[in-house]
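The values are calculated or read from the model by the stated rules, or taken from the named source; none is laboratory data. Note that the coordinates shown come from a computational prediction; the quantities given were computed from them, not determined experimentally. All Cβ positions, glycine included, derive from the backbone under ideal geometry; neighbour counts span all protein chains shown. When the accessible area is computed, the model is the full protein with side chains, heavy atoms only, and any ligands, DNA or RNA have been set aside. Shrake-Rupley method; radii C 1.70, N 1.55, O 1.52, S 1.80 Å.
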Amino acid sequence: MKDVIFDDFQNAVDESLLRHKSILDIMTKLQESNARINRAIAKSITNCGCIKLTAEKQHLPEHDENINIESLKDCLKSHISGKLCDSCREVIEHEIGNNLFYLTSLCNSLDLNLFDVLLKENDKINTLGKYTFR
C-alpha cells in the first residue's frame, strides 16, 4: 500500500512539474529548497524563539571508560531545546514538502523510483543499524 502512495506522489510530481523541467533547474531548486528549510529552522530560533540552540563540543567518553555503541547515543546531543510552535512547524513542514517535490523531480528526471530508493536506504539502515555512523 505504501508503495502506491509513493508512486502516486511521484506521478503527480511528474505531471505538475512544468517550468523547471531541466535537470539543472531541478538541481538548483532542490538546493534552494534545502536552504529554505535551514532558513526556516534558523527563524524558529532567532525570530520566534520556540526552539533554542545551545551548541557546544560533543563530549565523548575517554578511552579508558567502558563505553559501547549503545551508550554512545546518550553522549551525543542535538543541541536543540524547546519544541516547535504550530506556526514554525507549519512553515518547516511546507519547506520540507517543497524539498520532497524537487527530490522526487530529480528521481523522475533520472528514471529512479523514489520508493525503491527509500527501500534500499531502509534495508541498509536495518542491516547496519548504528554501525552506519551517520
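Descriptive notes on the structure:
- Dipole magnitude of the stretch 23-134 about its Cα centre (Cβ charges: Lys, Arg +1; Asp, Glu -1), debye to nearest 20: 320
- FRET efficiency, VAL117 to LEU18 (Cβ-Cβ, R0 25 Å, nearest 0.05): 0.55
- Between SER81 and HIS59, the distance separating the two model label sites (each 7 Å from Cα on the Cα→Cβ line) works out to 1.5 nm.
- In order along the stretch 94-101, the phi-based Karplus estimate (6.51 cos²θ - 1.76 cosθ + 1.60, θ = phi - 60°) of 3J(HN,Hα) comes to 4, 5, 5, x, 4, 5, 4, 4 Hz; Gly and Pro are listed as x.
- Here the peptides 32-44, 108-120 are ranked by packing, the mean other Cβ count within 10 Å, and the order with the highest first is 32-44, 108-120.
- A protection proxy built from the mean count of other Cβ atoms within 10 Å ranks the segments 15-23, 86-94, most packed first, as 86-94, 15-23.
- When shorter helices are ignored and each DSSP H run of at least 4 residues is given -39500 (n - 2.57), the per-residue value for the chain at 222 nm works out to -20500 deg cm²/dmol.
- GNM flexibility winner over the chain from GLU95, GLU121, GLU70 (Cα, springs under 10 Å): GLU70
- Greater than 29 Å apart at Cα, pairs in LYS73/LYS120; LYS21/LYS83; LYS73/LYS124; LYS29/LYS77; LYS43/LYS77: LYS21/LYS83; LYS29/LYS77
- Whole-number percent relative contact order across the chain, with pairs defined as alpha carbons under 8 Å at least 6 apart: 37
- For the chain, with +1 on Lys and Arg beta carbons and -1 on Asp and Glu, the positive-most of VAL4, ALA35, LEU72 along the dipole: ALA35
- Helix axis angle, 114-128 relative to the chain longest principal axis, alpha carbon, degrees: 20
- When the Cα gyration tensor is reduced to axis lengths a ≥ b ≥ c, the ratio a/c is 1.5 or higher for the stretch 80-128, and with a/b not above b/c it is classed as oblate.
- For the stretch 12-107, the solvent-accessible area of protein heavy atoms averages 74 Å² per residue (probe radius 1.4 Å; ligands and nucleic acids excluded).
- Protein heavy-atom surface of the chain, 1.4 angstrom probe: 56% of the accessible area is carbon and sulfur, with nucleic acids and ligands not counted.
- Spacing of the modelled spin labels on ASP74 and ILE5, each 7 Å from Cα toward Cβ, amounts to 3.4 nm.
- Ratio of Rg to Rh over the chain (Cα coordinates, Kirkwood Rh, two decimals): 1.06
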